[in-house]
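The values are calculated or read from the model by the stated rules, or taken from the named source; none is laboratory data. Please read these numbers as outputs of a predicted model, since none were measured by experiment. A quick note on method: Cβ atoms are made from the backbone with ideal geometry, for glycine too, and the neighbour counts reach across all protein chains shown.
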Amino acid sequence: MNIPLLSRVVWHFLDYSFDMQLMVFKLQLLLWPASIMMLAAANPQMETGIFLFSMAANVVFYAFLGTLVWLGLRKHGAFFAIAGIGWGVIWWKLLSL
């Protein structure tokens, strides 16, 4: 929950250096995968709603990932593979945008 708020503060104070923006954007995608939804916030009246929905989607995503890790610890190690492969695919897709 802190990552989206911290990300908004960083973007507010970020200078307009393209290299710095790209680095922050990629870090944001790694920590907050649902932030890609914020691209749809072109309408200022919808920005708060999309931001809250994006935060909720991030919570659901990490809850699902945590459930897979917990199942890997308690039940079977194959759940670690599912979580790792899924996380890797998501990072690969997001960072190749």
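Selection of the range 65-97 for residues being touching a Gly at 6+ places or on another chain (Cβ under 9 Å) and loosely packed, with under 12 Cβ neighbours inside 10 Å yields only A78.
The set of residues in the range 34-55 that are closer than 24 Å to S96 by Cα and either among the aliphatic types (A, V, I, L, M) or at pLDDT below 80 (or both) comprises A34, S35, I36, M37, M38, L39, A40, A41, A42, I50, M55.
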